[in-house]
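The values are calculated or read from the model by the stated rules, or taken from the named source; none is laboratory data. Just so it is clear, the model here is predicted, and its values are computed rather than measured. Because the Cβ atoms are built from the backbone with ideal geometry, glycine has one as well, and the counts that use them run over all protein chains shown.
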Amino acid sequence: MSILIRFFIKDFKNIKKPSVRASYGKLASIYGIFWNIILFVSKLVVGTLFGSVSITADAFNNLSDAGSSIISLVSFIFSSRPADEDHPFGHERLEYVFSLMVAFIIMFFGLQLIMNSVDQILHPTVMKFDLVVVIILLFSIIVKAYMYYYNRKYGKLINSTVMHSAAVDSISDVMATGVVLVGLIISHFFAIQLDGYLGVVVALFIMKGGYEIIVETFNKLIGEAPDPEFTKKIIKKILSYDGVLGVHDLVIHTYGPGKTFVTVHVEVDCDEDILKSHDIIDNIEKDFAKHDQINLVIHMDPIDMDDEFTNKMRIQVAKEISGIDEALSIHDFRVVRGDTHNNLIFDVDVPIGFPMKDKELLQIIHKNLPQGKIPNYGVITIDRAYTTTVEE
């Protein structure tokens, strides 16, 4: 596969380029069609000649894999189309739709195999043992292991759900064909007809792989939580710029591989020249677009770093919040001072799955706000996932 990549893909090292990524997927799909057709023909001939329902069923499973590779090829052709008037975010999510199609094909052939295997259990036929059968099955295991390797390797490299689906399917086929091979040997030496039962086992392997693909792809279509390492990488890079004091309210949207949109609030010193701070923000957004292929939109939050009372209150409130639970944190802290009372205005970040309800948490925070000569009141915003609750 690596030789083919160097030969057929121009600029193959530039994997972040959409056209190069699509070329990887197309080549892998064509390669998959080639190997699956070879396995289908060889297993069909052997299964028919030696009367094995499990080998014949495994042959048609390889034919379905060839069909899946064709769908993958179509997927990369359509998903690599540029954005248009009706689809301003591009067509990359089509890859997820085609992944579901592959998964449902896998599930369908799994059900067909179960039906054929049950018939073989009820009406068993004696399977002929031959060295040719063993060689074909071993060849199939080696080929499928190789297909798992390159689909997993290059699927991870270009972040492709379709290639990941192909990898899952391939490793399922390795286990399924291995079961058939072991059963064939046991049946020959111990005169036990396991063909139908092994067909059921093979089918369960196949359906398990299809189910896992469906679950993973549905999560991507619905919208799943971003990878924590990816989130940390973005935050770390933003904080590395001079003039950035803090980051919060990070939201990540994906519209398919290579189509990532990020919004974030970035804290800057309120005493800094506004044009200078704005220039910093612009440079960060441009750097992410150029080097990370991320469409980054930044909201600038000026904060007061020189007011002694504000800094004192910020430290005390942060300590009280972390005392409630270490998973809690604050941002956007500012103070509006008055003659009769002060307003401490801030947001509290609440992680997903935090057990306490917003109302209960707000009551505890209000109760524990630091006080001085005049009362301090809280104007608190609870940030829980992507919903916001404001209480004064």
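Taking into account only those residues within the range 262-293 that are in contact (Cβ under 8 Å) with a residue 60 or more places away in the chain and under 27 Å from ILE330 (Cβ atoms), which is surrounded by the fewest Cβ atoms within 10 Å (Cβ to Cβ)?
So, considering only residues that are in contact (Cβ under 8 Å) with a residue 60 or more places away in the chain and under 27 Å from ILE330 (Cβ atoms), the one surrounded by the fewest Cβ atoms within 10 Å (Cβ to Cβ) is HIS265.
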Extreme residue, modelled with the highest pLDDT, among residues of the range 166-188 that are farther than 20 Å from PHE98 by Cα and among the β-branched types (Val, Ile, Thr): VAL174
Enumeration of residues in the range 341-379 that are under 20 Å from LEU250 (Cβ atoms) and in contact with a Leu (Cβ under 7 Å, 6 or more places away or on another chain): VAL348, ASP349, VAL350
Filter result for the condition that a residue is over 30 Å from ASN219 (Cβ atoms) and in contact with a Leu (Cβ under 6 Å, 6 or more places away or on another chain), over SER140, SER79, SER117: SER140
Unique residue being in contact with a Phe, Trp or Tyr (Cβ under 8 Å, 6 or more places away or on another chain) and under 30 Å from ILE364 (Cα atoms) when the list is ILE303, ILE321, ILE294: ILE303
Which numbered condition SER172 misses (of (1) surrounded by fewer than 23 Cβ atoms within 10 Å (Cβ to Cβ); (2) in contact with a Phe, Trp or Tyr (Cβ under 9 Å, 6 or more places away or on another chain); (3) within 30 Å of ALA22 (Cβ to Cβ)): (1)
Scope the range 207-245; condition over 24 Å from LYS290 (Cβ atoms) and among the small types (Gly, Ala, Ser); matching residues: GLY209, GLY210, GLY223, ALA225
Some residue of the range 51-70 being out of contact with any helix residue (DSSP H, G or I) (no Cβ under 7 Å at 6 or more places or on another chain) and farther than 20 Å from MET101 by Cα: yes
Some residue of the range 239-256 being at pLDDT below 85, touching a Gly at 6+ places or on another chain (Cβ under 8 Å) and at positive phi: yes
Of residues in the range 73-98 being over 18 Å from the mean Cα position of the chain (by Cα) and assigned to a helix (DSSP H, G or I), the one surrounded by the most Cβ atoms within 10 Å (Cβ to Cβ): LEU73
Residue check for ASP301: on the phi > 0 side of the Ramachandran plot, touching a residue at least 24 places away in the same chain (Cβ under 8 Å) and in contact with a strand residue (DSSP E or B) (Cβ under 6 Å, 6 or more places away or on another chain): no
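Let's see how each residue does on (1) among the aliphatic types (A, V, I, L, M); (2) modelled with pLDDT of 85 or more; (3) surrounded by 15 or more Cβ atoms within 10 Å (Cβ to Cβ); (4) at negative phi:
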residue	(1), (2), (3), (4)
LEU100	yes, no, yes, yes
ALA103	yes, no, yes, yes
MET115	yes, no, no, yes
ILE121	yes, no, yes, yes
THR125	no, no, no, yes
VAL132	yes, no, no, yes
SER140	no, yes, yes, yes
VAL143	yes, yes, yes, yes
Any pair with Cβ under 7 angstrom, 6 or more apart, that starts in the range 192-218 at a residue that is touching a residue at least 40 places away in the same chain (Cβ under 8 Å) and ends at one that is outside any helix (DSSP H, G or I) and of a type in the set (A, V, I, L, M, F, W, C): GLN193/VAL126; ASP195/MET127
Selection count where residues are among the β-branched types (Val, Ile, Thr) and under 17 Å from the mean Cα position of the chain (by Cα), scope the range 103-120: 0
